[in-house]
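The values are calculated or read from the model by the stated rules, or taken from the named source; none is laboratory data. Everything quoted here is computed from the prediction, not taken from an experiment. Using ideal geometry, Cβ is built from the backbone for each residue, glycine included, and neighbour counts are taken over all protein chains shown.
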Amino acid sequence: MSAPRKLNEFILMKSMVIIENIAVSITGCLLAELNARKIKVILCDEKRNPASELVSLYGSHDCSLKIKNKLGGLLILKLAFGLK
């Protein structure tokens, strides 16, 4: 396995990209291509700690049901806490 390469705010590995700087702009087209190639994208916060991850919604037989369940849970939370 080769060592990761560092290009300014990006760390590039074989199947993962870590974006260390919050000032980086990424197009939706690039994110879609990374997702299609099953490359994990991790975004870091201002302290360079991992904060979030791009996760594909497709890939299992019941993904539509999972999405509906997640959205239903969010709606219940919004109603319970009076969030907009």
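Here are the numbers for this structure:
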read-out	value
Of all residues making up the stretch 1-49, the number that are part of a loop (DSSP other than H, G, I, E, B) and either at pLDDT 65 or above or among the aromatic types (Phe, Trp, Tyr) (or both)	18
Scan of the stretch 50-78 for residues that are at pLDDT below 75 and either closer than 25 Å to residue 27 by Cβ or assigned to a strand (DSSP E or B) (or both), ordered by number	57, 58, 59, 63, 67
Residue list for the stretch 16-59, restricted to those being loosely packed, with under 12 Cβ neighbours inside 10 Å and at positive phi	38, 59
